[in-house]
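Accompanying notes for the structure given below.
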Amino acid sequence: MTNEYSVLIHEYLIEKITLAEQKKKTAEKTGRTEVGRFHDGQLSELFKIRAYLSEKIDLKTQKYY
């Protein structure tokens, strides 16, 4: 069961990372630097969560991203 939850969590994180990257690009194109910095922080947190999961929780035999 842990494997199924890990897959769902990674899919959720990938979706959020993709969305934040798109919003960051849009903010940079429109010159809204404060919004871009917000999404930088959001991406940083999402990457840290993904790294933690990979290091501490995920099965060593699986790669989800």
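What follows draws every value from the coordinates through simple rules; no lab data is involved. Remember, it's a predicted structure, so these values are computed and weren't measured experimentally.
For the cross-link pairs 23/48; 29/56; 23/56; 24/56, which exceed 27 Å when the distance is taken from alpha carbon to alpha carbon? Walk me through the intermediate numbers first.
Numbers: 23/48 19 Å; 29/56 37 Å; 23/56 30 Å; 24/56 29 Å.
Listed pairs above 27 Å: 29/56; 23/56; 24/56.
Could you pull out every one of the aspartates and glutamates with an alpha carbon less than 17 Å from that of residue 16, ignoring same-chain neighbours closer than 8 positions?
Cross-link targets: 40, 45.
Taking 0.36 nm per intervening residue step and subtracting the Cα-Cα distance, what contour gain separates residue 49 from residue 14 on full extension?
11.5 nm
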